[in-house]
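In what follows, a single structure is set out as structure tokens and then discussed.
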Amino acid sequence: MRTAMGVWRWRSNPLRRPTDLFEAWVAFAALVCVLVVAPAIGWVAGLQVDGTLQQAAHEQRQERHLVPAVVVRPAPEPDVDASADASAQRTAPHRTEIIAAWTAPDGSSHQGTVPAAEEPPRAGDRFRVWTDAHGRLVGQPLDPSAAEFHAGMAGLAAAVCVATLVETVRRLVVRRLMHRRYIRLDRAWAAAGPDWGRAGAGS
């Protein structure tokens, strides 16, 4: 609102310089871009990202399956390097792994190392793992609500980036205008300098 009032105030002011009116219009255009263009670009970007992620989530739900598995035995502990720092070993996260067996959707039997669902794991415990159609272990499919969240964050980031770019351009333009004003002022001062303070100067 202040920008719009500034444009209107400078419209017919007899003291305005050409750069004053241009600066006001630049500020007004930047305001429109920040309030209208940036949100529109963010909205479009969010829709595009959401469509892509939702398609990926749908494909993952079609290709990945949650199958029952059974604990065979705990996995052997990894060899500890004796030269490793003891404090680093204490602070390193410890993840218990087990040897489990499962049957793939295509009927094939598989056995492998998976993270333990419980501690301590016991042989014969049952749990479920995500696999593809051939029994290979895969990650959990992308949740649609998580896809929406990531799409919203992407749209917000796009809008913020556009607004930041607009404000940066506006500041560069204003800086250039101020530089030109100072150059003109220096020239005017240099021209008036020899006569400054002399009686009858300018008459």
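Just so you know, in region 41-66 the residues that are among the small types (Gly, Ala, Ser) and surrounded by 13 or more Cβ atoms within 10 Å (Cβ to Cβ) include one that is nearest to Ala159 (Cα to Cα), and it is Gly42. Selection over region 134-154 of residues that are of a type outside the set (Asp, Glu) and under 14 Å from Ala56 (Cα atoms) gives a count of 10. Taken across region 98-108, residues that are within 15 Å of Leu66 (Cβ to Cβ), polar (S, T, N, Q) and open to solvent by 50 Å² or more (accessible area, probe 1.4 Å) do occur, with at least one present.
Within region 145-167, the set of residues being among the charged types (D, E, K, R) and farther than 18 Å from Gln54 by Cβ comprises Glu167 only.
Determine, yes or no, whether Arg176 is touching a helix residue (DSSP H, G or I) at 6+ places or on another chain (Cβ under 9 Å) and either modelled with pLDDT of 90 or more or open to solvent by 80 Å² or more (accessible area, probe 1.4 Å) (or both). No.
The values are calculated or read from the model by the stated rules, or taken from the named source; none is laboratory data. Since the model is a prediction, treat every value here as computed from it, not as a measurement. Note that each Cβ is placed from the backbone with ideal geometry, even for glycine, and that neighbours are counted across all protein chains shown. When the accessible area is computed, the model is the full protein with side chains, heavy atoms only, and any ligands, DNA or RNA have been set aside. Shrake-Rupley method; radii C 1.70, N 1.55, O 1.52, S 1.80 Å.
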